[in-house]
Amino acid sequence: MLGAILGLVGFSALAGVLVTAMVTPALAVTSLTAKSSIGVFQNLPDFIQIGALSQQNEIYAKSGGKDVKIASVYKQNRQEVAWGDVSQYLKDGAVDGEDRRFYDHGGVDLPSVARAAILNQTQSANGTSGSSTLDMQLVRNILVQQALAITDPTKQKAAYSDAVKQTLDRKLKEMKLAIGLDKRYTKQQILLGYLNIVGMGNNTYGVESAAEQYFSVSAKDVTLAQAASLIAIVQQPNLQNLNTPKNYPANKLRRDEILSAMLSSKHITQKQYTEAVNTPIAKEIKLQAPTSGCRNTVPIGAAWACDYVQKLITVNPPADFPQIPPAVSALGATPAERLANWDKGGYKIYTSINLDLQAAADTSMQTQTPYDETRIPLGSAADTVEAGTGRILVMAQNKIFDDAPALPGAAVDPTRSAVNFSTDFPWGGSGGFPTGSTFKTFDLANWLQNGHGLGDLVDGSGPQTYNFASFAASCLPGGSTGGGTFKLQNDGNSAGGNMTVRDALIGSVNNAFMHMAEQSDLCSIRDTAAAMGAHRADGKIYPYGGSLEITPNFILGSNEQAPLTIAAAGATVAANGLHCLPIIVDKVVDPNGKTLPGQTPTCNQAISPEVDAGVLNAMQGSMTSGTSSPGNPHDGVPYAGKTGTGNTADHVWLNGLTTKLATAVWTGDIIGHASLRQTINPNTRQYYASSSRFAIFKAIMSLADQDPTLRGGSFPVADAQMLSGTSAEVPNVVGSTAEQANSVLTSLGFTVTLGGTQASGLPVGQVSSTDPGAGGKVPKGATVTIYTSDGTLATTMPNVVGMSLHDANNAIASKFTSTPSVTYVNSAQPSDLCKVKSSNPAAGAAATKTDPVSLVVYSDKPTPMPPTVACPQ
């Protein structure tokens, strides 16, 4: 009883303070008798704002030219709605069930404070009576949300504790702020703020998201029973939410109390009341699982683009990462600001993803690179980039996106992944893949930049051995890549031979490009590639080498790069040499409905249009008759492209393009080095290397070609300078001495090697032949091998004129290895019949035993008919 009296006195004093503060604040401050009682209260803050609440972020893509929502991403499952979008049942239920005098008090309900004082002092320790008005509950929820928005964990924990602790000073602060709230806002604003902010169980907040989650309807369309059940949750969200049937009894008990209060307030009729209390909760429930996060993206294939967008906004990459995408500045000027705004939510992100092309890619991948391949850890990605803007239209992958935390001890599901194969490491966790011969596009661009032409002859024969020191690298210490040698095969161990640079690109001949690199500067090749966007996906920076490791083999694609990087490089070639950083966000709508720009296109002229036209010329050849040709859709649209293959065929690529789009398709072993040339796709019964990348590419691009806005046109024509070439003609040095031949050849820039002796009819020591032979077109500086005669085939032509054909053949057979050829000429003298008129070589001429011999023989028939009776042989 004493405790009750003291409690009543304490709360009565508090009530007096509140009355004084609300009615006559000036008097309260100046009164000598009240001053000590209200000093603490008067010093408390009285301003709090119903600010923007944490809401859902929405991500959109395009289908059929229209914007389609693909995902919702949020920290709190909340959707703020306007007054007109909330059912009157919810408004009345909140007031009647939680704060009946809401429209009469000024933020604090004094009778409730007094009642709570008495009840809380007389009840047992296991029960208390609340006195919080809707204003006070709104204040508490605002303070909780403000605490959760703090990024520092320690400060967040302290602020959250201050907002919910059951202490007198917290209650005083809550009351003071509620009074200020009631002075600043209308009752409608306060009630709507409450209905939008209140916790509704687990991570669901506000009546709109709760109505959708529990009943699959919007807040404006709930029934009376549904509305009362939703308001019933707010009393004890963890125990009375509708996520599980075990909570239904507690929810119904509170629901029916609310319905009774609504009946007492005459907000519903007796009939409505009776119908609602008799409605089983289970009958009303139509649960919708919360769909936050990219793993709930619809369609599921767009999840990789969704995740990339989210990471663009939330990830703060290393400042020295070689290529950082343009920021989504609509969410803030700094990474921290963008992250905070994203966490607060309410943004609509409109992406450049074309869901029609995306679906074509996903469908093809299901067949061509099945996610459930068990023999090898098979990965695949396809990225399509728009030329001239860098906009990403497709970001596809053969795995199911799943970023859910792994359960302890659970087996890894190889069909699922959170690693985005398409992107660089900070935005997807992938370290990239060796690009193989797709890198030859960069090599060719550098070759043409430095004054060479597509018609230049190069030596593509293989295998060949090279010295590291023969490769200039001006950016490296010593100006080269060091000492030692290495041996290089052509893909498939093809023999190669001398060929034009254009043919080398079409046939993807490794040794031809290695010889081109010997005539170039590896650092210059690196710079051209970097200008076109090439960089390692892991972001590694090499001393003196920038974002690519410089070795002779780097010109054959040894650096690991992301498919999106290769697609953007292809788009560079498609855009007359203009490289644009890949972007995916077209526009942003902020929580206030204001439309803001997306990522800003960031482009640089990587190579000149003239050089680009030369590169295109060769790449068109590759797509027409070269290694890329299996990927050509052959639908009337001009195509250019380049394939790539890893050292063990563990990774295969196709980077193809039109004047509008570039698509890079990669397929590979994501863990080991299994050969895709030896692994058959069970769906197609073809080797992965020979079919999958081409089929996926055609599925995307053939559909794009049906869209007039995406259909490519004619490529620019390469000028004469790009098409031209230089070569050298091997002179005829046969018959000269080895010393004389060496002098002539070296003076013309050839490298001379001695091939030894060979059987010949020339005098011993004279040059008998060269390789390449006289008149052959070879690259400048090519090696010419000279062979000298050993004299073993030397002979002289016998005099057979006047002999019969039979005798002449016998005489020649002792001197030559071949039977003479015969032609006939008419003679009027019968005695001349079947006799030799002349020979070639002539009688007494020096010759070689293997030389051909021809005879002219007389006939009794008109020239060139043989005689009536055949001559004896």
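Rule-based calculations on the coordinates, nothing more; no lab input. These figures come from a predicted structure and were not determined experimentally. Cβ sites come from the backbone with ideal geometry, for glycine too, and all protein chains shown count toward neighbours.
Numbers below:
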| quantity | calculated |
| --- | --- |
| Overall form of the chain per C-alpha gyration tensor (a/c, 1.5; a/b vs b/c) | prolate |
| Whole-Å distance, taken between Cα centres, linking region 797-823 and region 215-243 | 116 Å |
| Cut-off 20 Å, label 7 Å out along Cα→Cβ of residue 402, residues of region 270-306 by amide N | 289-306 |
| In order through region 303-314: 3J(HN,Hα) via Karplus (6.51 cos²θ - 1.76 cosθ + 1.60), integer Hz, x for Gly, Pro | 4, 5, 5, 4, 5, 4, 4, 4, 6, 4, 7, 9 |
| Beta bridge orientation in the chain: antiparallel %, DSSP, nearest 5 | 75 percent |
| Theoretical ellipticity at 222 nm over the chain - DSSP helices of four or more residues, -39500 (n - 2.57) apiece, nearest 500 | -11000 deg cm²/dmol |
| Rough spin-label spacing in nm, given labels placed 7 Å along Cα→Cβ, for residue 474 and residue 792 | 5.3 nm |
| Nonlocal amide H pairs with residue 55, under 5 Å, H built at 1.01 Å | 345, 346 |
| Gyration tensor (alpha-carbon) shape descriptor, region 323-426, a/c threshold 1.5 | oblate |
| Cross-link partners of residue 487 among lysines (Cα-Cα below 20 Å; sequence separation of 8 or more within a chain) | 440 |
| Whole-Hz ³J(HN,Hα) from phi, Karplus 6.51 cos²θ - 1.76 cosθ + 1.60, for region 393-407, glycine and proline x | 9, 9, 9, 10, 8, 8, 9, 7, 5, 7, 9, 5, x, 5, 6 |
| Cβ-isolated cysteines (cut-off 4.7 Å), the chain | none |
| Acute angle (nearest 10 degrees) that the helix 168-184 long axis makes with the longest principal axis of the chain, alpha-carbon atoms | 80 degrees |
| Reachable aspartates and glutamates, given that their alpha-carbon falls under 20 Å from the alpha-carbon of residue 62 and they are not under 8 places away in the same chain | 307, 356, 362, 383, 386, 586, 590, 705, 707 |
| Region 562-653, relative contact order in percent, only Cα pairs under 8 angstrom and at least six apart counted | 20 percent |
| Residue 253-residue 671 FRET efficiency (beta carbon distance; Förster radius 45 Å; 0.05 resolution) | 0.20 |
| Value of relative contact order over region 361-505, rounded to a whole percent, pairs C-alpha under 8 Å and six or more apart | 15 percent |
| Two-site FRET efficiency, residue 702 against residue 314, from Cβ-Cβ distance with R₀ of 41 Å, rounded to 0.05 | 0.70 |
| Relative contact order, percent, the chain [alpha-carbon distance under 8 Å, six or more residues apart] | 10 percent |
| Distance between modelled label sites at residue 336 and residue 759, nm, 7 Å Cα→Cβ extension | 8.8 nm |
| Alpha-carbon centroids, region 724-790 and region 47-114: separation in whole Å | 90 Å |
| Distance from region 489-521 to region 559-579 (C-alpha centre basis), Å | 22 Å |
| Amide N of region 520-540 lying under 15 Å from the label point, which is placed 7 angstrom from the Cα of residue 780 along Cα→Cβ | 520-521 |
| Helix 88-98 axis, angle to the chain major axis (alpha carbon atoms, nearest 10°) | 50 degrees |
| Approximate spin-label separation residue 161-residue 748, in nm, with each point projected 7 Å along Cα-to-Cβ | 9.1 nm |
| Nearest-0.05 FRET efficiency for residue 236 and residue 298, computed from C-beta distance (R0 30 Å) | 0.35 |
| Region 705-839: C-alpha gyration tensor shape, a/c 1.5 cut-off, then a/b vs b/c | oblate |
| Full-stretch length increase - residue 806, residue 739 - with 0.36 nm per residue and alpha-carbon distance subtracted | 19.7 nm |
| Dipole of region 236-348, positive direction: furthest Cα of 299, 340, 260, with charges on the beta-carbon | 260 |
